[in-house]
Amino acid sequence: MIRTANPNDIPQLVDIWLRASMLAHDFIPADFWRARAQDMAQRYLPSAEIHVLEVAERMIGFAALNEDHLEALFIDPEVQSFGHGTHLMAHAMKLRERITLCVYSRNVRAVSFYRRLGFQVVEERLEPLSGENETLMLWAQRQEGAAGQA
């Protein structure tokens with residue numbers, strides 16, 4: 001089930017974010033992520049539109065949107081690779097006509113995941129907080145039937 005997050009969910013969402021971030025971004029020191037957990041809990045998540053994925057009444061992941069930008073997509077490391085991220089992204093893609101996102105370029109698994117969903121690379125740039133390169137990606141719904149109409 002996918003539902004809208006409420007303020008009581010924030011601590012568990014931060015826990016999922018922290019564990020998944022450290023696993024997916026092992027090229028960045030774990031202390032970098034730990035140092036940002038409070039900002040995530042108090043600043044970033046409360047200002048986003050968050051969609052929580054629950055399985056058997058357990059929160060296992062979330063997607064955080066800010067307008068048409070996907071700020072975060074994280075699945076609990078214990079249940080990754082079972083299609084939960086795809087399920088959350090399909091939900092987000094139904095809600096928007098276009099979505100942009102940034103992903104660390106060295107996170108090859110994530111870049112490949114988004115490419116499979118139809119995202120295109122827009123540019124590579126430096127993410128200033130980590131000093132790592134990131135890839136800006138874009139997905140847009142196809143305007144079916146628009147070509148050739150007068």
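Figures for the structure shown
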read-out: Integer Hz, Karplus 6.51/-1.76/1.60 couplings in order for the stretch 55-63, x for Gly and Pro; value: 10, 6, 6, 10, 5, 10, x, 7, 10
read-out: ³J(HN,Hα) computed for each position of the stretch 10-16 - Karplus, 6.51 cos²θ - 1.76 cosθ + 1.60, integer Hz, glycine/proline x; value: 3, x, 5, 5, 5, 4, 4
read-out: Relative exposure of Val122, Val14, Val108, judged by other C-beta atoms within 10 Å (fewest first); value: Val108, Val122, Val14
read-out: Of Pro7, Gln80, Asn133, farthest towards positive along the dipole that unit charges on Lys, Arg, Asp, Glu beta carbons give the chain; value: Gln80
read-out: In Å, descending, principal axis extents of the Cα set of the chain; value: 56, 37, 28
read-out: Loop-located GluC sites (Glu not before Pro) in the stretch 47-150, at most 16 other Cβ atoms within 10 Å (DSSP); value: Glu57, Glu67, Glu97, Glu144
read-out: Centroid-to-centroid separation of the stretch 1-30 and the stretch 68-135 [C-alpha atoms, Å]; value: 14 Å
read-out: Size of charge dipole - the chain - debye, nearest 20, with Cβ of Lys, Arg +1 and Asp, Glu -1, no other charges; value: 300 debye
read-out: Neighbour-count order for Leu126, Leu136, fewest beta carbons within 10 angstrom listed first; value: Leu126, Leu136
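Read-outs throughout are calculated quantities, based only on the coordinates presented, and are distinct from any laboratory measurement. As the structure is a computational prediction, the values presented were derived from the model and not from experiment. Heads up, the Cβs are rebuilt from the backbone with ideal geometry, glycines too, and the neighbour counts pull from every protein chain shown.
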